[in-house]
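Novice: Below you'll find the structure I mean.
The values are calculated or read from the model by the stated rules, or taken from the named source; none is laboratory data. Since the model is a prediction, treat every value here as computed from it, not as a measurement. Methodologically, a virtual Cβ is constructed for each residue, glycine included, from the backbone with ideal geometry; neighbour enumeration extends over all protein chains shown.
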Amino acid sequence: MSVDRKKLTALLQWYVQEVGKDLIAVIVVNREGLILDSISGKDSQKSVDEEIVGGVSALVEPVLTRITKEFSSGAFGTGTFDTEDYRLIFCEAGPDAVFVTVLDAVAMIDPVFPYAYLTAEKIARIFDGRTVSPVIPKIISRGEGKDISRKKDTLQRIKIQSGEYAYKLILGGEGGVGKTSMVHRFVEGKYETDYKSTIGTSIMKKECEFDGLSSKVRFVIWDLAGQSQFKRVRMTYVENAEAGILVYDVTRNETFENLEGWHKEIKTASPNISLILVGNKIDLEGDREVSREQGQEMAEKLGLSYIETSAKTGENINDAFKMLALQIIKRFVVTEDI
Ligand code: GDP
């Protein structure tokens, strides 16, 4: 099996950087429990801290033996394990590997879990030799109360109970930032130039599936033009939405300026909405007016996760929607001792 090691390491470095201070190490192991790659969290830019990884792998070994057993029966999926000093998240990464995140004992699992899952899925793609962008969305987490409880020395399988419900998804942001193009790209996997500016609302459906989680998220996507003359229509549009994407165009500063206004309007109409911030049109890098750092700062200010996309090339479009779906199903996480 030839694995693109460079890509794997780049992905792990990105992940380590995004998860931040609570991360002790990440380890990718194969079915036999052999370490395929590992990075320690304290200083990911430098070489791997052998001592930490060595210590941690000794610690996870007995757990891994159990997991690889469960795993080969195809039943494992995603789970957690707590020890005196650490909290571990295990995610199946395709048929060949398990992705292990080692967090500090005081860390919350809940904010990290969607990213661990997304990363595991990318690792699976790297092992399959499929294309994958080594980028994971910026993690912004406001403590949302409940978390997977700490249970020492117990392997807990993560399950999702979201049922068959479909979620209303809306897009916010100024006209011309690429909302309609993003939706079309996501729904049909293609990009067309010259969409007519939408006057009414078009409604599309799309499911997001999750390997190993036995759960789907169904989105009912409402697409509407962002122009302010439709303010009245816009009110009913943003009401009762469970999911939302707030979009701006990285090549036009004026689309970045009123994000707080948009955020307020959406949150007022749908207080419990799961929302992410997206900077679109990154294929036009030479015309960029808003830097990635500015985007991240804004996301932090609004308490939203952040990702940059191109509806034109398709880069990160699926990840943006998937990220949102994972934020939603995170609310329906239950655990089962195994
Ligand atoms: P909306 O008004 O926010 O729904 O924006 P549209 O989806 O209608 O897009 C506005 C214009 O931007 C169209 O001409 C699209 O072809 C173009 N566009 C959308 N996304 C991208 C992108 O990622 N890159 C580039 N270069 N153009 C884009």
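Novice: Search the stretch 190-216 for residues being at pLDDT 65 or above and closer than 17 Å to residue 317 by Cα, and hand back the single one that is farthest from the chain's Cα centre (by Cα).
Specialist: Looking at the filtered set, the residue picked out is 204.
Novice: Tell me whether the stretch 298-315 contains one or more residues that are within 14 Å of the ligand (Cβ to nearest atom), assigned to a loop (DSSP other than H, G, I, E, B), more than 17 Å from the chain's Cα centre (by Cα) and crowded, with 16+ Cβ neighbours inside 10 Å.
Specialist: yes
Novice: In the stretch 264-285, what count of residues is obtained for those that are part of a loop (DSSP other than H, G, I, E, B) and within 16 Å of the ligand (Cβ to nearest atom)?
Specialist: Summing the residues that are part of a loop (DSSP other than H, G, I, E, B) and within 16 Å of the ligand (Cβ to nearest atom) in the stretch 264-285 gives 4.
Novice: Can you confirm whether residue 251 is at pLDDT 90 or above and assigned to a helix (DSSP H, G or I)?
Specialist: no
Novice: Quick one: is residue 295 of a type outside the set (Asp, Glu) and under 12 Å from residue 248 (Cβ atoms)?
Specialist: So residue 295 passes the test.
Novice: Moving to a separate point now. Could you please let me know if residue 251 is away from the ligand (no atom under 16 Å from the Cβ) and without any contact (Cβ under 8 Å) to a residue 60 or more places away in the chain?
Specialist: no
Novice: Give the residues of the stretch 235-285 that are on the phi > 0 side of the Ramachandran plot and surrounded by fewer than 19 Cβ atoms within 10 Å (Cβ to Cβ), sorted by residue number.
Specialist: 240, the sole residue that qualifies.
Novice: Of all residues being part of a strand (DSSP E or B) and within 18 Å of the chain's Cα centre (by Cα) in the stretch 1-29, which is surrounded by the fewest Cβ atoms within 10 Å (Cβ to Cβ)? Just the residue, please.
Specialist: Across the stretch 1-29, the extreme among qualifying residues is 23.
Novice: Being without any contact (Cβ under 8 Å) to a residue 60 or more places away in the chain and among the acidic types (Asp, Glu), is that true of even one residue in the stretch 257-266?
Specialist: Yes, the conditions are met somewhere in the stretch 257-266.
Novice: Would you mention how many residues in the stretch 85-138 are more than 26 Å from residue 296 (Cα to Cα), aliphatic (A, V, I, L, M) and assigned to a helix (DSSP H, G or I)?
Specialist: Of the residues in the stretch 85-138, 2 are more than 26 Å from residue 296 (Cα to Cα), aliphatic (A, V, I, L, M) and assigned to a helix (DSSP H, G or I).
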